Amino acid sequence: MVRQLLDTQLRILLRGDLALASAERNLTHPQRYTVPVAPDLLSRFVSERIKAFDAEAPRVPDGVSRLARVIAADAAELGRSTLFVLLPIHPRLLAWNPERMRAAQRDFEQALVDAPGARVLDVSMLLDAGDFIDDLHPTNAGAAKLTRVVADALRRVD
């Protein structure tokens, strides 16, 4: 609790645009941030993430792939299919090394290739840079685009 309190207070101090109260009540898109980060801060975020990717290539942890297979199997037993969504990635991160980024996605897709009723929707390149609040989180407009694409995919699920 103490760590969470400190984390929240620090975020409030550093980001005056935090909308924590509404994010806790909004079930459609719980956006905590109302204003995109400044370009210099975004550049730092992207640079730090790229440094981390240079040190260790992005990958989906084995536990996540195993959990996805269990979820798909459980859903199939109930006669349901499962749609896994590979979320949008900031274009500057995609540009770092598109093949290494795509390799992590392919590994996840491969882990589910024979999972009953499982489909993977790759929307990693859906959003433009202007659709992101920071290097990870979409703006409300970006979330609306993502929601439309996922809703369309769900309508097509067998």
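The values are calculated or read from the model by the stated rules, or taken from the named source; none is laboratory data. These numbers were taken from a predicted model, which means no experiment stands behind them. No Cβ is skipped: glycine too gets one built from the backbone with ideal geometry, and neighbour counts run over all protein chains shown.
Of the residues examined, D107 is not one that is charged (D, E, K, R) and either farther than 19 Å from V70 by Cα or in contact (Cβ under 8 Å) with a residue 60 or more places away in the chain (or both). Each residue in the range 131-143 was checked for being surrounded by fewer than 16 Cβ atoms within 10 Å (Cβ to Cβ) and either in contact with a strand residue (DSSP E or B) (Cβ under 6 Å, 6 or more places away or on another chain) or without any contact (Cβ under 8 Å) to a residue 12 or more places away in the chain (or both), and 1 of them qualify. Considering the conditions (1) of a type in the set (A, V, I, L, M, F, W, C); (2) without any contact (Cβ under 8 Å) to a residue 12 or more places away in the chain; (3) surrounded by 15 or more Cβ atoms within 10 Å (Cβ to Cβ), F84 is excluded by exactly one of them, (2).
Among the residues of the range 101-119, the ones that are surrounded by 16 or more Cβ atoms within 10 Å (Cβ to Cβ), touching a helix residue (DSSP H, G or I) at 6+ places or on another chain (Cβ under 8 Å) and closer than 28 Å to K51 by Cα come to 3 in all. Of the numbered criteria (1) at pLDDT below 90; (2) crowded, with 16+ Cβ neighbours inside 10 Å, the one P98 fails is (2). Tallying residues that are without any contact (Cβ under 8 Å) to a residue 24 or more places away in the chain and either surrounded by 12 or more Cβ atoms within 10 Å (Cβ to Cβ) or under 25 Å from V37 (Cβ atoms) (or both) within the range 48-70 yields 6.
L146 passes every criterion in (1) in contact with a Gly (Cβ under 9 Å, 6 or more places away or on another chain); (2) farther than 16 Å from V46 by Cα apart from (1). Checking each residue in the range 106-143 for being in a helix (DSSP H, G or I) and of a type in the set (D, E) picks out D107, E109, D131.
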